Amino acid sequence: MVEPRGDSQRAGAPDIVIGVGNPLMGDDGFGIVAIALLRERWRDTPQLALVDGGTWGMNLLPLIESARRLLIIDAIDRGLVAGARIELERDEIPRYLGLTLSPHQLDLREVLALAELRGTLPRETSAIGVQPALVELSLDLSPAVAAKLPGVVADVEEQLLRWGHHPNAAQEDRAVHA
C-alpha cells in the first residue's frame, strides 16, 4: 500500500463527515438521518463539509481524497445486537477491491480501498455507527437503531469539537432565542 499523505500536505483541506447508506432500506439509512441532524446545527461551519453520501459509490472518491480528516457515519454490520454502537479507526474499516459486474455495484469499501492504494485516504479516518436490526424496504429506522441516533450524533459532535470546529454561531443564537 502507498503511505497516506501527511497532514502537512492536507493543510487547508476541509474535514469531511459523510453519512452513507440507502434511506429506502430501513436501518441502512442511519448515516443519512444522522447527517441531516448534524446539518441543522453545524451548517456553514468553516473547513467542515457534512455530506449526504447516500449510495454514491465511486463518486465519493474525489471528496474522500480531498479531506484532511474523514469521519463516516453508517449502519455497520458486525453481527452484534441490534443498535449496538460501533466505532472503527482507519485500520479497522473494511476496505477491499472485489469483483463487480458493473461500476454501479461499487460500495464504500471499494472506494476506501482505491483511495488507500492511491495514497489519498486521509491518515485520520474513522467510522461510527450502529448495528442494523432491519435492512429491508422501509423508510423508517427500527426502534433499536432510532434510539441510538441521538447518542451517535452527540459522539460525532464531540469529535468535531476535538477537531477544533464549533457550531455556527448564528445557529446557536437562533436555538437560544427559540
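The values are calculated or read from the model by the stated rules, or taken from the named source; none is laboratory data. Since the model is a prediction, treat every value here as computed from it, not as a measurement. All Cβ positions, even for glycine, are placed from backbone atoms using ideal geometry, and neighbour counts span all protein chains on display.
Provide a single number: the residues in region 42-62 that are without any contact (Cβ under 8 Å) to a residue 60 or more places away in the chain, of a type in the set (A, V, I, L, M) and in contact with a strand residue (DSSP E or B) (Cβ under 9 Å, 6 or more places away or on another chain).
Matching residues across region 42-62 total 4.
May I ask you to list the residues in region 63-93 that are surrounded by fewer than 22 Cβ atoms within 10 Å (Cβ to Cβ), part of a helix (DSSP H, G or I) and either hydroxyl-bearing (S, T, Y) or in contact with a strand residue (DSSP E or B) (Cβ under 7 Å, 6 or more places away or on another chain) (or both)?
If the condition is that a residue be surrounded by fewer than 22 Cβ atoms within 10 Å (Cβ to Cβ), part of a helix (DSSP H, G or I) and either hydroxyl-bearing (S, T, Y) or in contact with a strand residue (DSSP E or B) (Cβ under 7 Å, 6 or more places away or on another chain) (or both), then L63, R90 are the ones that fit.
Of all residues in region 114-134 being within 13 Å of the chain's Cα centre (by Cα) and of a type in the set (G, A, S), which is farthest from R85 (Cα to Cα)?
S126
Being closer than 23 Å to E157 by Cβ, in contact with an Asp or Glu (Cβ under 8 Å, 6 or more places away or on another chain), modelled with pLDDT under 95 and not hydroxyl-bearing (S, T, Y) narrows it down to one residue among L70, L38, L97, L108; which is it?
Details: L70 fails: modelled with pLDDT under 95; L38 fails: modelled with pLDDT under 95; L97 fails: closer than 23 Å to E157 by Cβ.
Only one candidate passes the filter, namely L108.
Exactly one condition in (1) small (G, A, S); (2) over 20 Å from R162 (Cα atoms); (3) within 12 Å of the chain's Cα centre (by Cα) is false for G83; which is it?
(3)
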